[in-house]
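Visitor: Mind having a look at this structure? Questions to follow.
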Amino acid sequence: MLAEQDLKLVDALQAAPRASWSTLGHALGLGAVTAARRWDALVERGDAWLTAYAGGELTTQLALAFVAIDCEPGAVSGVAAALAADVHVATVEYVAGPCDLLVHVVAASLRELGAHVAGRVAAVPGVTRVRTALSPRMFTEGSRWRVRAISPGQREALSAKPARNRAPVRFDAADRALILALGADARASAAALAGDLGVG
């Protein structure tokens, strides 16, 4: 069981995952070093993590599907691990029922989605059968769930203010590369991200 202060830190990072440690610490009544140290301990124990993936309005520009997967006896863990490393697989779930695994696959187009399921997902060693159900619309997803350990005032202090004149949502190769880099480390510094992506 996590300590109350750790739950508050997780909740604060749900509200503002890229906020500075000083901003997070100020909202929670902690020093920046203490907030960073507590987070590092949570991550090291495997109790919490941050990632990034395409969501919100961007999902209307992507092709989404749920894929039910049957596996050879004893192969479920290996198949799950292989799929969890696939950048097009948003979730991997063990299920009790008509299949062994249920995965959520995301691609830039319906054509790419079909090619990925047939060419990559179905080809993972140990997979015996896949069944795909297209998801034409996503109503909600896991990132909207909150721990609810911080007060409304603390959440307001951490929440980004919406832009007045928002540009239309776009998604190109640079955006995809950025999302993948943030998926690996959502707290990476801007300098580290620029270095990884080769931009100035």
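Visitor: Within the range 118-140, which residues are under 11 Å from LEU83 (Cβ atoms) and part of a helix (DSSP H, G or I)?
Guide: Hits for the range 118-140 are ARG120, VAL121.
Visitor: Which condition number in (1) at negative phi; (2) part of a loop (DSSP other than H, G, I, E, B) is the one that GLY74 fails?
Guide: So GLY74 meets the others, but not (1).
Visitor: What's the number of the condition GLY97 fails, among (1) assigned by TED's automatic domain parsing to the domain that holds LEU158; (2) modelled with pLDDT under 95; (3) out of contact with any Leu (no Cβ under 8 Å at 6 or more places or on another chain)?
Guide: (1)
Visitor: Quick one: in the range 81-97, which of the residues that are more than 13 Å from the chain's Cα centre (by Cα) and assigned to a helix (DSSP H, G or I) is surrounded by the most Cβ atoms within 10 Å (Cβ to Cβ)?
Guide: Taking the range 81-97 first, the residues more than 13 Å from the chain's Cα centre (by Cα) are 81-83, 93-97.
Now narrow it down to the ones that are assigned to a helix (DSSP H, G or I): 81-83.
Values: ALA81: 11, ALA82: 19, LEU83: 21.
For the range 81-97, the residue satisfying everything is LEU83.
Visitor: Output the qualifying pairs, or none if there are none: Cβ atoms under 8 angstrom, residues six or more apart or on different chains, first residue in the range 1-28 and in the same structural domain as ARG148 (by TED's automatic domain parsing) and at positive phi, second residue at pLDDT 95 or above and of a type in the set (A, V, I, L, M, F, W, C).
Guide: none
Visitor: Determine, yes or no, whether ASP47 is surrounded by fewer than 16 Cβ atoms within 10 Å (Cβ to Cβ), closer than 21 Å to ARG144 by Cα, under 21 Å from the mean Cα position of the chain (by Cα) and touching a residue at least 12 places away in the same chain (Cβ under 8 Å).
Guide: Details: surrounded by fewer than 16 Cβ atoms within 10 Å (Cβ to Cβ): yes; closer than 21 Å to ARG144 by Cα: yes; under 21 Å from the mean Cα position of the chain (by Cα): yes; touching a residue at least 12 places away in the same chain (Cβ under 8 Å): yes.
Against the criterion (surrounded by fewer than 16 Cβ atoms within 10 Å (Cβ to Cβ), closer than 21 Å to ARG144 by Cα, under 21 Å from the mean Cα position of the chain (by Cα) and touching a residue at least 12 places away in the same chain (Cβ under 8 Å)), ASP47 qualifies.
Visitor: From the list GLY78, GLY119, GLY126, which one is under 22 Å from ALA184 (Cα atoms) and at pLDDT 95 or above? First the steps, then the outcome.
Guide: Working: GLY119 fails: under 22 Å from ALA184 (Cα atoms); GLY126 fails: under 22 Å from ALA184 (Cα atoms).
Among GLY78, GLY119, GLY126, only GLY78 is under 22 Å from ALA184 (Cα atoms) and at pLDDT 95 or above.
Matching residues to (1) of a type in the set (A, V, I, L, M, F, W, C); (2) in contact with a Pro (Cβ under 9 Å, 6 or more places away or on another chain); (3) farther than 22 Å from SER159 by Cβ:
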{"position": "SER20", "(1), (2), (3)": "no, no, no"}
{"position": "LEU30", "(1), (2), (3)": "yes, no, no"}
{"position": "TRP39", "(1), (2), (3)": "yes, no, no"}
{"position": "VAL43", "(1), (2), (3)": "yes, no, yes"}
{"position": "ALA52", "(1), (2), (3)": "yes, yes, no"}
{"position": "GLN61", "(1), (2), (3)": "no, no, yes"}
{"position": "CYS71", "(1), (2), (3)": "yes, no, yes"}
{"position": "VAL76", "(1), (2), (3)": "yes, no, yes"}
{"position": "VAL79", "(1), (2), (3)": "yes, yes, yes"}
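Visitor: Run down ARG148, ARG144, ARG176 and say which single residue is loosely packed, with under 14 Cβ neighbours inside 10 Å and either among the hydrophobic types (A, V, I, L, M, F, W, C) or on the phi > 0 side of the Ramachandran plot (or both). Give the steps one after another, and end with the answer.
Guide: Numbers: ARG144 fails: either among the hydrophobic types (A, V, I, L, M, F, W, C) or on the phi > 0 side of the Ramachandran plot (or both); ARG176 fails: either among the hydrophobic types (A, V, I, L, M, F, W, C) or on the phi > 0 side of the Ramachandran plot (or both).
Criteria check complete, one pass: ARG148.
Visitor: Another question, then. Which residues, taken from the range 181-200, are part of a helix (DSSP H, G or I) and surrounded by 15 or more Cβ atoms within 10 Å (Cβ to Cβ)?
Guide: Filtering the range 181-200 down to residues part of a helix (DSSP H, G or I) leaves 181-184, 190-197.
Once the filter is applied, which keeps residues that are part of a helix (DSSP H, G or I) and surrounded by 15 or more Cβ atoms within 10 Å (Cβ to Cβ), the range 181-200 yields ALA181, LEU182, GLY183, LEU193, ASP196.
Visitor: Also, quick follow-up: Which of the residues spanning the range 3-20 are crowded, with 16+ Cβ neighbours inside 10 Å and either basic (Lys, Arg) or within 19 Å of ASP47 (Cα to Cα) (or both)? Before you say what the answer is, go through the steps one by one.
Guide: Just the residues of the range 3-20 that are crowded, with 16+ Cβ neighbours inside 10 Å, to begin with: 6-17, 19.
The answer is ASP6, LEU7, LYS8, LEU9, VAL10, ASP11, ALA12, LEU13, GLN14, ALA15, ALA16, PRO17.
Visitor: Select, from LEU102, LEU110, the only residue that is under 23 Å from ARG137 (Cβ atoms) and modelled with pLDDT under 95. Lay out the reasoning, then the answer.
Guide: Details: LEU102 fails: modelled with pLDDT under 95.
Of the residues listed, the single one that is under 23 Å from ARG137 (Cβ atoms) and modelled with pLDDT under 95 is LEU110.
Visitor: Examine the range 46-59 for a residue that is in the same structural domain as VAL10 (by TED's automatic domain parsing) and either more than 26 Å from MET138 (Cα to Cα) or assigned to a strand (DSSP E or B) (or both), and state whether such a residue exists.
Guide: yes
The values are calculated or read from the model by the stated rules, or taken from the named source; none is laboratory data. Computed from a predicted model, the values in this text were never measured in an experiment. Positions of Cβ are generated from backbone atoms using ideal geometry, with glycine treated the same way; all protein chains shown enter the neighbour counts.
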